[in-house]
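Visitor: Provided herewith is a single structure, encoded as structure tokens, for subsequent inquiry.
Here, each number is a calculation from the coordinates, and none is a lab measurement. Keep in mind that this is a model prediction, so the values were computed, not measured. As a convention, Cβ positions derive from the backbone with ideal geometry for all residues, glycine included, and neighbour counts pool all protein chains shown.
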Amino acid sequence: MDKPKICITTLEYPPDIGGVGESVHRIAKMLIDSGYEVHVAVFRSKQRLVSDGSRRRASCTTTFQDGVFIHRIKSAVRENITEIQDFFSDVYFQLKCLHQKYNFDLFHAFFMNETGYVTTLLAKENDVPVINSVRGSDLHKHVFNPKNHAQISWILENSAWVTFVSRDLQKRASVIAPSVKLKSSAFWNSIAPINFEQFPNPPLVNELPGIVIGSSGRFRDKKGIEFLLDACASLDKELDLTLLLIGDFVEKEREYWKQQIKESGIGNRLRITGITSRQEALAYLPHLDIFVIPSLHDGCPNTLLEAMLASRAIIGTRVDAIAEILEHGVNGLLVNPGSTEELTASLRYLATQPELRQKLGAAAKTKVTQQLAPSVEHQNWMNVYQRVLITSESILLGEISLV
């Protein structure tokens, strides 16, 4: 019997840096281990732009990587500015060619705003079921663009199934498209165990005096870092502390963040590593006394799970999966997003309670190891895939009426 063929569409895939790419890679390996043939089509609208004035035809380059067929799609560059509709037209054609060649049994799009529409359109035209996975910004941010709202609603209505990484996201989708209530599930990301002792000391480890407060990731608008800057600056006279930002600010917002750092008055209390490898970022975690994730919205961030595995005392915000995973006073502390006052008070409290930090960190590691293990996520995904494929097969056989 032939293996079911799955085509996952995504904005990124390793070696691309990003949480979505890491999730897709993890899920692709799960599917292979469960007997599926997995294809990943990677495309992103920003890749339609070139800075050197060059021109190119549309293309799809296929490689075989760790048992997965990786198809990297590029749109044509025929003029100085490639219109977005030309980009998606090219992507659609390349996806259609892939489907004609491989005859996929199921499509799965990650991140509705760019991949969801073109993938769902192709799937519906070819009577192939499609799963759409909402990650965060597609419903927290892009839905506020009037041009996107109707498209997002159509994608939700025409999905065979929709997955979410938090119940907050599932609730918002159900408001936009009520039918989602009957064909969706919400479950967290997972993370494999990490041996932090294997990592050498990272470069800045000897430049972190006092209580070390840290956060990690690609810092941008949704991360709420300005409130962390203000909270640490306000504690400057009370505590000997260092704020370590593991990562860097996104380039398009860099001037804004320079201004925020200056206005916060945090001065030489701040250290920023710049873009690092994942291994180097992980190596910093054991050197933190407190890990802070002050997001305004954030899906189910991998950085939270990494800090939990490192047994860090964590302060998070009451948003998305952060508030579902962390239990206030049990395995972390929770504050309201955008509240410098609450964040300051929680930092002050934990900074003076080393035994509590140890207790919260140990509880965080226990929870992530038991409830966010790869085996748990694997079973959740198998339930979704099997349900969608069985339902689709029943429809084709005429066992389920569509009327």
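Visitor: If R₀ is 22 angstrom, what is the calculated FRET efficiency for the pair residue 263 and residue 144, using the beta carbon separation as r and rounding to 0.05?
Guide: The pair residue 263/residue 144 has a calculated efficiency of 0.25.
Visitor: Residues in the range 341-379 near a label at residue 239, defined as backbone nitrogen under 18 Å from the 7 Å Cα→Cβ point?
Guide: 341-362
Visitor: Over the Cα atoms of the range 111-268, what radius of gyration and what Dmax do you get, in Å?
Guide: 21.0, 65
Visitor: Within 10 Å of each residue's Cβ, count the other Cβ atoms and sort 112, 382, 30 from fewest upward.
Guide: Fewest to most other Cβ atoms nearby, the residues stand as 382, 30, 112.
Visitor: Does anyone have the angle between helix 84-102 and the longest principal axis of the chain? Alpha-carbon axes, 0 to 90°, nearest 10?
Guide: Between helix and principal axis, roughly 60 degrees.
Visitor: In degrees between 0 and 90, to the nearest 10, how far off the longest principal axis of the chain does helix 167-176 point, with axes built from Cα atoms?
Guide: Helix 167-176 and the main axis of the chain meet at about 50 degrees.
Visitor: For residue 172 paired with residue 352, estimate the spin-label separation in nm (one decimal), with each label point 7 Å from Cα along the Cα-to-Cβ line.
Guide: Calculated label separation equals 3.7 nm.
Visitor: May I ask for the Rg/Rh ratio of the chain, computed from Cα atoms with Rh as the Kirkwood radius, given to two decimals?
Guide: 0.99
Visitor: What does the convex hull of the Cα atoms come to per residue for the range 196-371, in Å³?
Guide: 105 Å³
Visitor: Next question. In degrees, nearest 10, range 0 to 90: what is the angle between the Cα axis of helix 19-33 and the longest Cα principal axis of the chain?
Guide: 50 degrees
Visitor: Further, regarding this structure: Distances over 17 Å make up what percent of all Cα-Cα pairs in the range 55-178?
Guide: Of all Cα-Cα pairs in the range 55-178, 61 percent lie more than 17 Å apart.
Visitor: What length, rounded to one decimal in nm, is gained on full extension from residue 34 through to residue 373, with 0.36 nm per residue of separation minus their alpha-carbon distance?
Guide: Fully extending the segment from residue 34 to residue 373 adds 120.4 nm.
Visitor: Given the pairs 46/223; 223/365; 96/183; 74/96; 5/29; 141/183, which are separated by over 18 angstrom at their Cα positions?
Guide: 46/223; 223/365; 96/183; 141/183
Visitor: Between residue 157 and residue 78, with labels modelled 7 Å along Cα→Cβ, what's the label distance in nm to one decimal, could you check?
Guide: Going by the 7 Å Cα→Cβ label model, 3.2 nm.
Visitor: Of 126, 80, 302, which is the most mobile in a GNM of the chain whose springs link Cα atoms less than 10 angstrom apart?
Guide: Fluctuation is largest for 80.
Visitor: Please identify, among 379, 170, 259, the residue showing maximal mean-square fluctuation in a Gaussian network model of the chain using a 10 angstrom Cα cutoff.
Guide: Maximum fluctuation in the GNM of the chain, among the listed residues, is at 259.
Visitor: Calculate, in nm to one decimal, what residue 254 and residue 55 gain on full extension: separation in residues at 0.36 nm each, minus their alpha carbon distance.
Guide: 68.7 nm
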